[in-house]
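In what follows, a structure is listed as structure tokens, so that the remarks can point back to it.
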Amino acid sequence: MTKVLAVKDFSVSFGKVKVLDGINFDVDQGDFLMVLGPNGAGKSVLLKSILGIWPYTGQVKVFGQKIDLVRQKIGYVPQYVDFDRTFPLTVREVVSLGCRQNKSLSVCPHVNKVLEMVGMVGKIDDFFGQLSGGQVRRVLIARALAGQPKLLFLDEPLAGVDLVGEKSFYEMIAKWHQDLGLTTVMVSHDYSLVSRIATKVLCLNKKMTCFGGARDLTAKQFEDTFGRGVKLHVHNS
């Protein structure tokens, strides 16, 4: 099995404060890894540091190489996006920014396809700044998919998505993962739907509290991550 992502002895510090300490895990080709933990556990820090946004100590290999050499194979959707809603970019132009085959904002062969995948093709000529929070998330995912990545990082992709839309959104993510042959790493604090889409789970709370197959995790491991009283619910479908 091809190792798409290998993280070894990984630690992150902000000044004298150690945010993550001694993280070790790997992701095989085709895996769907869900990174779980409570707020402030270091989940987003992990992704941003792997991507080189923040400094770290340890070793990160992506497709067996340093990440700078394989960035064209990676798609990333951040948790928060701060942008000027009055800036006149259309949805088509925002998604085209993710297309590596063409530098023009108006020409990208994958725009319609990826917008259709996220249910936003009807908004293709709307201004990005006029979209709702959930629609913004969908367009940002479409932008990441437009680059035809092999490895996709999603940081809290349901941020801004209403509760009614959560189930269908999870189902869409699982479908993209399968149909496009992706390897996916998704950050979340929601452990209730782990086994519906994940093949592996990494639990964080400053340190790694568990790592393994989604169906192999125990209630105690989840308690170590989220605290006492948490209930681990395993879906059969």
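The values are calculated or read from the model by the stated rules, or taken from the named source; none is laboratory data. Here the structure is a predicted model, which means the values were calculated and not measured. Glycine also receives a Cβ, built like all others from the backbone with ideal geometry; neighbour counts cover every protein chain displayed.
Among the residues of region 39-54, which ones are out of contact with any helix residue (DSSP H, G or I) (no Cβ under 7 Å at 6 or more places or on another chain) and surrounded by fewer than 16 Cβ atoms within 10 Å (Cβ to Cβ)? Selection gives Asn39, Gly40, Ile53. Set side by side, the residues Leu36, Leu69 differ, and just one is touching a strand residue (DSSP E or B) at 6+ places or on another chain (Cβ under 6 Å) and not basic (Lys, Arg), which is Leu36.
Looking across Val12, Val35, Val62, one residue alone is more than 28 Å from Arg215 (Cβ to Cβ) and of a type in the set (A, V, I, L, M, F, W, C). It is Val12. Against the conditions (1) of a type outside the set (Gly, Ala, Ser); (2) out of contact with any Lys or Arg (no Cβ under 7 Å at 6 or more places or on another chain); (3) modelled with pLDDT under 95; (4) farther than 19 Å from Thr184 by Cβ, where does Lys43 fall short? Just the number, please. Of everything listed in (1) of a type outside the set (Gly, Ala, Ser); (2) out of contact with any Lys or Arg (no Cβ under 7 Å at 6 or more places or on another chain); (3) modelled with pLDDT under 95; (4) farther than 19 Å from Thr184 by Cβ, Lys43 misses just condition (4).
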